[in-house]
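To start, the structure itself, in structure tokens.
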Amino acid sequence: MPARKKAKSQQSREKPFRRDRKGRALQEIGATIVAGGKGHDVVEEIAELVQRTCKYRWVGVYKIKRNDFVIEAATNKMKPACPRFPVKQGLSAKALEERRTVMIPDVSKEPCFLPNFWSTKSEVIVPIIDDEHDRVLGVINVESAKVNAFDKSDRDFLEGVARIIWRALR
């Protein structure tokens, strides 16, 4: 098989695998929630599953408590520099206010970026919205040491996680 056809054939096989992996992760998270899973330990398990599924460097789940974002779960035993900060600060404030995902390809160009780690180069923040009460409960924060680390498939996956995980935060 010519090299060009072989490379294209490999790519077409890899993309469905990545979607399947993410789909399986979403199913596992959903099953956990349907089984009644909630609270800190469940949110921590979900954050770890998200991190492993996509090989993200760090995943943090922040819950809103008394007008602050407070870390509920973090992966890789990495302690963020900002475990608690006001809901009016940082890029998380933008995700909260606009009620939409904020993807930052290069955090050095964002004046309101609050660094959790000195090596962070790009970030995606997804609001976690309680559908029953139409309010933001927190955010999923994913950080990378690479510029332009996130794409539409990351956003779609993390938004899927956010649509499920809110039940564990209540």
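On alpha-carbon atoms, Rg over Rh for the chain using Kirkwood Rh? Before the final figure, lay out the partial values.
Details: Rg = 16.6 Å, Rh = 16.5 Å.
My calculation puts Rg/Rh at 1.01.
Can you pick out the pairs among 22/88; 63/146; 38/121 whose Cα atoms lie more than 30 Å from each other? All intermediate terms of the calculation are to be shown ahead of the outcome.
Values: 22/88 32 Å; 63/146 26 Å; 38/121 32 Å.
Correct reply: 22/88; 38/121.
Scan region 104-170 for GluC sites (Glu not before Pro) in coil per DSSP, keeping those whose Cβ has at most 15 other Cβ atoms within 10 Å, and list them by number.
In loop regions of region 104-170 (DSSP not H, G, I, E or B), the sparsely surrounded GluC sites (Glu not before Pro) are 132.
Check each of the trypsin sites (Lys or Arg not before Pro) in region 95-132 and keep only those in coil by DSSP with at most 16 other C-beta atoms within 10 angstrom; list them in order.
Details: sites: 99, 100, 109, 121; in loops: 99, 100, 121.
Those satisfying the criteria are 99, 100.
So how do 20, 106, 41 rank on accessible area, 1.4 Å probe, biggest first, that is with the largest at the start?
On the way: 20 85, 106 35, 41 105 Å².
Final ranking, largest accessible area leading: 41, 20, 106.
Could I have the simple spin-label model distance between residue 84 and residue 118, label points 7 Å from Cα toward Cβ, reported in nm to one decimal?
Modelled inter-label distance: 2.6 nm.
In region 26-113, how does Rg compare with the Kirkwood Rh, expressed as the Rg/Rh ratio over alpha carbon atoms?
Over the Cα atoms of region 26-113, Rg/Rh equals 0.98.
Can you give me the three principal axis dimensions of region 94-170 from its C-alpha atoms, in Å, biggest first?
37, 24, 19
Mind putting a number on the dipole of region 58-170 about its Cα centre? Charges go on the C-beta only, +1 for Lys and Arg and -1 for Asp and Glu, and I need it in Debye to the nearest 20.
Details: 19 positive and 16 negative charges, 74 e Å.
Roughly 360 debye for region 58-170.
State in Å² the accessible area per residue of the chain; use a 1.4 Å probe, count heavy atoms of protein chains only, and round to the nearest integer. Could you put the intermediate results ahead of the total?
Details: 9820 Å² over 170 residues.
Dividing the accessible area of the chain by its residue count gives 58 Å².
Quantify, in whole percent, the carbon and sulfur part of the accessible surface of region 128-170 (1.4 Å probe; protein heavy atoms only). Please report the intermediate quantities before stating the final value.
Working: 860 of 1960 Å².
Its accessible area is 44 percent carbon and sulfur atoms.
Under a straight-distance cross-link criterion of Cα-Cα below 12 Å, which aspartates and glutamates are reachable from residue 94, leaving out those fewer than 8 residues away in the same chain?
Filter leaves 110.
Please work out the FRET efficiency for the pair residue 55 and residue 132, using the Cβ-Cβ distance as r and a Förster radius of 45 Å; give the result to the nearest 0.05.
Numbers: r = 33 Å, r/R0 = 0.73.
Working from the Cβ atoms, E equals 0.85.
The values are calculated or read from the model by the stated rules, or taken from the named source; none is laboratory data. Being a predicted model, the structure only gives us computed values, none of them experimental. Ideal geometry is used to build each Cβ from the backbone, glycine not excepted, and the neighbour counts take in all protein chains shown. Please note that ligands, DNA and RNA were not included when accessible areas were found on the heavy atoms of the full protein model with its side chains. Shrake-Rupley method; radii C 1.70, N 1.55, O 1.52, S 1.80 Å.
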